[in-house]
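One structure is given below, encoded as structure tokens.
The values are calculated or read from the model by the stated rules, or taken from the named source; none is laboratory data. In this text the structure is predicted, and so the values were computed from the model without any measurement. Every residue, glycine as well, gets a Cβ built from its backbone with ideal geometry; the counts of neighbours run over all protein chains shown.
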Amino acid sequence: MSNPKPSAPGFATRAIHHAYDPYAGEGALNPPLYLSSTYAFPTVEEGAARFAGEQPGFIYSRVGNPTTALLEARLANLEGGEAALVTASGMGATTSLLWTLLAPGDEVIADKTLYGCTFGFFNHGLAKFGVRITHIDLTDPENLARAMTANTKIVFFESPANPNMRLIDIAAIAELAHRGGARVVVDSTYCTPYLQQPLALGADFVVHSATKYLGGHGDLLAGAIVGPKEDIDHVRFRGVKDMTGAVLSSQDAFLILRGLKTLALRMHRHSENALGIARYLAAHPQVAVCHYPGLDDFPQRELAERQMKLPGGMLAFELKGGVEAGRRFMNALRLITRAVSLGDAETLAQHPASMTHSFYTQEEREAHLISEGLVRISAGLEDLDDLLADIAQALDATPKHSPGGDYCY
Ligand SMILES: *Cc1c(COP(=O)(O)O)cnc(C)c1O
């Protein structure tokens, strides 16, 4: 029998070991947590060489720290990118990247459905400084071919999109964007690098809210950007250092390194629980529609199978009875927690129309495909039977019919 010897270590092995040698230094199994805001230069000449980028070495923790640097090396490896930069939040990642890449007169083309605060940054932040924001439906790549202009610098989207689970074909969009000279940024928070690898599909940058699955335990806020080294250096030395200051603390980097050790395991359990919940909801008479990439009748099932390793831990559904049914269902939940955020061990439910997307007008919500009765669930790591029992009792407490008919899209 020959020894099993894979040519490159697998994902879980790299998530636990990449770029750290426990035999070096003091022999600590866990990478040390460096709590230092600044770093000593042996001589002024060496300090100057570090500032010039001619010599490796830390300068000041707004541009780098050994604990955050290890997390960056690991995330770049897991995403299959050249370099990574971790930030104080997912919003810190998106804002630092786009403030660095864009100038007045440039255009961003974004999907119609975006995380609420990303929508806010684009339309209330970038737009104020002369960047044109165009929202189109990127689920049909032909729409991008028609919308691109000479000024289009960035194409930005999530897949699956938060909160309505629409998928976007990363490879098709990347090809069209590159043909027109634009670069592609994918917010891959819902998937993590375990489920989806946007860079291998042609995207230029991946951004994450590491607050979610990468941290995985709901105890911190963090973000990450992965992309070409030259660009990541610019984002580090201009975007974060001079513009946003959205620096991740090394203590939070340490916790994310801990979270990454179980990422692959957790994503399997999140997916299993989400599939169980989605199947239950899809078959329930009070549910108009359930959106989950793992369901056989999910409209983009073929794309889900091509682009994602597992269907993931997020799902959304529409109750017959619209907004009021949504509110009653939410308030009847006992085990499942009413909360925003996602990717935690605890199963969380939220109602975008009254929570995350409440600062959109109703017209804006309609334009961005967020219906009034949509409920989003982040499947946690509990026992599926307990989650289903909670959903069953909450549905029992929800009105059975809708005066105005079913509302779905
Ligand atoms: C949470 C989230 C963000 C923002 O991340 P923060 O860490 O909360 O700043 C961005 N995109 C998606 C898809 C998210 O779920």
Check on R14, of a type in the set (K, R), under 22 Å from P193 (Cβ atoms) and surrounded by 18 or more Cβ atoms within 10 Å (Cβ to Cβ): no
Residue ranges of strands (runs of 3 or more DSSP E) in segment 301-409 with at least 3 members without any contact (Cβ under 8 Å) to a residue 60 or more places away in the chain and assigned by TED's automatic domain parsing to the domain that holds T139: none
Matching option when the condition is surrounded by fewer than 21 Cβ atoms within 10 Å (Cβ to Cβ) and under 23 Å from N30 (Cα atoms), among A69, A103, A84: A69
Set A278, A282: member being of a type in the set (G, A, S) and within 22 Å of R266 (Cβ to Cβ): A278
Number of positions in segment 322-360 that are buried (at least 23 other Cβ atoms within 10 Å of the Cβ), under 24 Å from L114 (Cβ atoms) and of a type in the set (A, V, I, L, M, F, W, C): 1
For A278: the one exception among (1) under 25 Å from P198 (Cβ atoms); (2) at pLDDT below 95: (2)
Members of segment 272-300 that are buried (at least 22 other Cβ atoms within 10 Å of the Cβ) and part of a helix (DSSP H, G or I): N273, A274, I277, A278, L281
Restricting segment 190-242 to residues that are more than 13 Å from the ligand (Cβ to nearest atom), of a type in the set (A, V, I, L, M, F, W, C) and not in a helix (DSSP H, G or I), the residue that is surrounded by the fewest Cβ atoms within 10 Å (Cβ to Cβ): A200
Test: residue in segment 56-75 that is among the polar types (S, T, N, Q) and either without any contact (Cβ under 8 Å) to a residue 12 or more places away in the chain or in a strand (DSSP E or B) (or both): no
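Being more than 26 Å from D169 (Cα to Cα) and in contact with a Pro (Cβ under 7 Å, 6 or more places away or on another chain) is true for just one of G294, G321. Which residue is that?
G321
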Cβ-Cβ under 6 Å pairs, at least 6 apart or on other chains, segment 1-26 side at pLDDT 75 or above, far side exposed (fewer than 10 other Cβ atoms within 10 Å of the Cβ) and assigned to a loop (DSSP other than H, G, I, E, B): P22/L29
